[in-house]
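The values are calculated or read from the model by the stated rules, or taken from the named source; none is laboratory data. Note that this is a predicted model, so its numbers are computed, not measured. When we count neighbours, we look across all protein chains shown, and the Cβ atoms used for this are built from the backbone with ideal geometry, even at glycine. Side chains included, ligands, DNA and RNA excluded: accessible areas come from the protein's heavy atoms. Shrake-Rupley method; radii C 1.70, N 1.55, O 1.52, S 1.80 Å.
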Amino acid sequence: HIDVNGPVGAFGIYRDITGEKRREAELRASEERYRALFDQSPVGVLLCDRGLRITHCNESLTRIVDAPYEELIGAHLVRLRDRRLIPGLRDALRGKPAYYRGPFRSRSGRQRHVSIQYAPLRDDLGDVIGGMGVFEDISDRVTAEQQLHAQAAEMDRVNAALREQT
């Protein structure tokens, strides 16, 4: 209040915000853990919006698809050389998880084998707002499986020849 002689008093409202500050710190720590997990994951992670535009990805994904991060963010998935991963993301956008395992041709033309798990991304109300793909390059595993099959076939052939000789 102010009168002709100057201020007469002061009025203040105080509120304890300790709980709010603690929740903010917990949220910040949770976001940092999520970001570290996302960024440091050995598998490629791709997030897209309902229009199949890439909104986020990690470095592992850039190595799998042979494309720099800057070119991927905001890009429509049809720009990728191999479109076999689009049906799984479309399923995710319809709210259904999906899976793909098979060949994949990277942007540079390199042939790989990938395993991809797809899932819908939902908002707080449960509405689908995008899709997620978790990519694993299984090329080495597929090559090892093919070598094991070839070795097993060779062993069967040798065993058959040994049986014939005995």
Legend entry - Under DSSP loop assignment and at most 11 Cβ neighbours within 10 Å, longest chymotrypsin sites (Phe, Trp or Tyr not before Pro)-free interval of the chain: 15-166
Inset, instruction - Have a look at region 41-98 and give its Rg and Dmax from the Cα atoms, expressed in angstrom. - result: 10.9, 29
Inset, instruction - Taking every pair of Cα atoms in region 82-127, average 1/r, invert it to obtain the Kirkwood radius, and report Rg/Rh to two decimals. - result: 1.10
Legend entry - Entry for P(r) over Cα pairs in 5 Å bins from 0, in percent (calculated from the structure that is shown) out of (1) 1, 8, 11, 14, 13, 9, 7, 6, 5, 5, 4, 4, 3, 3, 2, 1, 1, 1, 0, 0, 0, 0, 0, 0, 0; (2) 1, 9, 17, 20, 19, 15, 11, 6, 2, 0; (3) 1, 7, 12, 16, 19, 15, 9, 6, 4, 3, 3, 2, 1, 0: (1)
Inset, instruction - Could you please state how large a percent of the accessible area of the chain is carbon and sulfur, counting protein chains only and using a 1.4 Å probe? - result: 53
Inset, instruction - For n ≥ 4 DSSP H runs only, could you compute -39500 (n - 2.57) per run for the chain, divide by its residues and tell me the 222 nm figure to the nearest 500? - result: -13500 deg cm²/dmol
Inset, instruction - Report, largest value first, the span of the C-alpha coordinates of region 11-56 along each principal axis, in whole Å. - result: 55, 27, 10
Legend entry - Virtual paramagnetic centre 7 Å along Cα→Cβ of residue 50, amide N under 16 Å, in region 102-134: 120-132
Inset, instruction - Before anything else, pin down the relative contact order of region 36-166: Cα pairs under 8 Å, at least 6 apart, normalised by residue count, whole percent. - result: 22
Inset, instruction - At 1.4 Å probe size, with every protein chain present, just tell me what the per residue accessible area of region 52-166 comes to in Å². - result: 62
Inset, instruction - State, as an integer percentage, the relative contact order of region 64-138 based on alpha-carbon contacts under 8 Å between residues 6 or more apart. - result: 28
